[in-house]
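In what follows, a single structure is set out as structure tokens and then discussed.
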Amino acid sequence: MAVVCSLCGEDTVEEQEITCVMLGGNPCWACKERADIQDQMKRLEQEMIKLKAKYRALGTTINAIHDPFIHKFPPEIGSHIFRLYLPTPLIYPIFDYPSNGQEEFLWALRLGAVCRKWRELAWATPNLWETLSITVMPSTLRILGKSWPGLISEWLGRSGVLPLTIIFRRDGFSRNDEEEEEFDNATNRIIEVINLHSSRWRHLSLEVDSDIPERFSGSMDPNQLFLLELVAYGRRSLTQNFTMKSKPFPTHIALYNFSPTSITIGWDNITHATLSNMNANECVEVLRRSPAMEYFKADDFIRPSNDSPVDVDTFTVHPRIRSMDLSHKSSDILDMIKVPALEEWTHFQESRRLPVDAMVSLIKRSGCYLKILNLQYISVRSENLPTLFQAVPSLERLEIGFRSSSQNVNDLMDDILLRIFRSPPDKSTVPANASRETFLPCLQFMNCETSFSWDRVPQLYRQGHRHSLTLKSPTNRLETSDETATELLKLVDEGAKFVIYDYFNCGDFLRNFRERMGREGR
């Protein structure tokens, strides 16, 4: 009876030993030939492993031979070039810029992968390792496992004694309770390593579940933390907390969905605050605690709970805030504060009418001399917009962005420009008993980020008194006629300051128009 060969149907080299005994205890000719082929394939595989290793080694040698600079420079110059290769430092605050990911902070490893000398130089350049950005997820833990704490310790060790930027995110969901426990334990091990270096934390950014920040307790050693960012996912936890063993005194703070009462820090040095997903009372509490505040931004306000009504009976006076950035959801705060030093105000309105009355009330109540006003995404239905401008005669720079272009925008801008060009050019020429028609007498720059009609500008400019005023706005050939463009060019040649972006052909609209006229022989 024929015996089926044990190797039939197998295609891989890793096959079991041939046991064919068809010919008196010896394998048949087919099994024998197949066994010989198997031996050859194994030898070839071993040879391929050696060739690949040699290939990689030659790649490193080629990189070294082809490198015209780094190998010839002294190490300190090569290190400086490596530092220039790093990405631009993070823009504050990180949760405003979701494109900031950990990939851009792996460039130090890419430098070390070029060749042995580059690797030695990169490993010995502490500046390449002063930023640690990691995202902890169940999937990455399954790959890296218990090696993560060691890798992080090695990374931070290469930074020497330099101040550290720590960006820590924890994201994703575990599939079961057992995996969740492993995920949590791994997170704790990573945080323990990071805590060992807390005396060098300069920028700490946490984007995590609300119960994670309390684990970043650091050590008893004094710290140099100047920028703290706390972003909490989901619902706020009753146990939400951030307390370090050595109390930090940052100058910059960014909070997203994180109550200021849950944070133990020194508030006296805070000069910059960015707050989001908080209620008006919490924002005012931050202002109350931070007497040195100079820059204040608040958006995405949430309504307070029923037992925490908005307090509008008293005003929180903040004498040092010079720059304020608010959104339409933060209008409640306008009725709660005084900002006598305010010079710059950005307001993003989005879906509602601009709260002109509340804004005017704040300006008059504060007695501030506003120099820069930036209104974004506002409704053209804000008919009393001139009333707001009438309240800020000290304004030097005005930027406006409407939700869309329309005839209403043209009409409103015509009215605003007409009022401006009828007014004296600066406050030194404004008499003490100036009438209410005096309109933005100090204005030097006006930018309408939404396209409007330039048709009336030449006439207004020639008849008015504001020749030093710079006007900026986008347009195109369909919205601005050749006749108007010709008049604008004449004014530019006479010294007028127009910045007109051509959003059809890109670049400067008047320059494009001048070149087109030249090509057409006009």
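In the range 228-243, which residues are surrounded by fewer than 22 Cβ atoms within 10 Å (Cβ to Cβ) and either under 19 Å from L287 (Cα atoms) or hydrophobic (A, V, I, L, M, F, W, C) (or both)?
Narrowing the range 228-243 to residues surrounded by fewer than 22 Cβ atoms within 10 Å (Cβ to Cβ): 231, 233-241, 243.
Those that are surrounded by fewer than 22 Cβ atoms within 10 Å (Cβ to Cβ) and either under 19 Å from L287 (Cα atoms) or hydrophobic (A, V, I, L, M, F, W, C) (or both): V231, L238.
Given the criteria modelled with pLDDT under 95 and of a type outside the set (F, W, Y), does L373 qualify?
no
Where residues in the range 360-384 are touching a Phe, Trp or Tyr at 6+ places or on another chain (Cβ under 8 Å) and among the hydrophobic types (A, V, I, L, M, F, W, C), which of them is surrounded by the fewest Cβ atoms within 10 Å (Cβ to Cβ)? It would help to see each step written out before you state the result.
Kept after step one, since they are touching a Phe, Trp or Tyr at 6+ places or on another chain (Cβ under 8 Å), are these residues of the range 360-384: 365, 370, 372-374, 376-380.
Right, trim to among the hydrophobic types (A, V, I, L, M, F, W, C) and you get 370, 372-373, 378, 380.
Values: L370: 20, I372: 18, L373: 22, I378: 22, V380: 20.
Result: I372.
For the range 329-353, enumerate the residues that are at pLDDT 85 or above, assigned to a loop (DSSP other than H, G, I, E, B) and touching a His at 6+ places or on another chain (Cβ under 7 Å).
Selection gives V339 alone.
Counting only residues that are part of a loop (DSSP other than H, G, I, E, B), at negative phi and in contact with a Pro (Cβ under 9 Å, 6 or more places away or on another chain), which one in the range 148-170 is surrounded by the fewest Cβ atoms within 10 Å (Cβ to Cβ)?
Among those that are part of a loop (DSSP other than H, G, I, E, B), at negative phi and in contact with a Pro (Cβ under 9 Å, 6 or more places away or on another chain), it is V161.
Any residue in the range 116-130 that is buried (at least 23 other Cβ atoms within 10 Å of the Cβ) sitting within a Cβ distance under 8 Å of a residue that is among the charged types (D, E, K, R)? List the pairs, counting only those 6 or more apart or interchain.
T125/R83; L128/R83; L128/R158
Yes or no: the range 98-111 includes at least one residue that is closer than 30 Å to L228 by Cα, surrounded by 12 or more Cβ atoms within 10 Å (Cβ to Cβ), among the aromatic types (F, W, Y) and modelled with pLDDT of 55 or more.
Checked the range 98-111: at least one residue is closer than 30 Å to L228 by Cα, surrounded by 12 or more Cβ atoms within 10 Å (Cβ to Cβ), among the aromatic types (F, W, Y) and modelled with pLDDT of 55 or more.
Could you tell me whether Y369 is more than 20 Å from I420 (Cα to Cα) and of a type in the set (F, W, Y)?
Spelling it out, it is not the case that Y369 is more than 20 Å from I420 (Cα to Cα) and of a type in the set (F, W, Y).
Provide a single number: the residues in the range 478-522 that are in a helix (DSSP H, G or I), closer than 16 Å to S453 by Cα and of a type in the set (F, W, Y). Write out each step before concluding.
From the range 478-522, those in a helix (DSSP H, G or I) are 482-493, 509-519; that's our starting set.
When the remaining residues are screened for being closer than 16 Å to S453 by Cα, the result is 482-489, 509-510.
Checking which are of a type in the set (F, W, Y) leaves us with 509.
The total comes to 1.
Is there a residue in the range 179-199 that is more than 23 Å from P126 (Cα to Cα), part of a loop (DSSP other than H, G, I, E, B) and at pLDDT 90 or above?
No, that holds for no residue.
If E437 satisfies all but one of (1) at pLDDT below 85; (2) touching a strand residue (DSSP E or B) at 6+ places or on another chain (Cβ under 9 Å), what's the number of the condition it fails?
(2) is the only condition that E437 fails.
Could you check how many residues of the range 368-399 are free of Cβ contacts under 8 Å to residues at least 40 places away in the same chain, over 20 Å from I321 (Cβ atoms) and not in a strand (DSSP E or B)?
Final tally of qualifying residues: 8.
If you take the residues in the range 398-418 that are surrounded by fewer than 17 Cβ atoms within 10 Å (Cβ to Cβ) and touching a strand residue (DSSP E or B) at 6+ places or on another chain (Cβ under 8 Å), which one is farthest from M446 (Cα to Cα)?
R403
The values are calculated or read from the model by the stated rules, or taken from the named source; none is laboratory data. None of these values were measured; they are calculated from a predicted model. For neighbour counting, all protein chains shown are included, and Cβ atoms are generated from backbone atoms with ideal geometry for every residue, glycine included.
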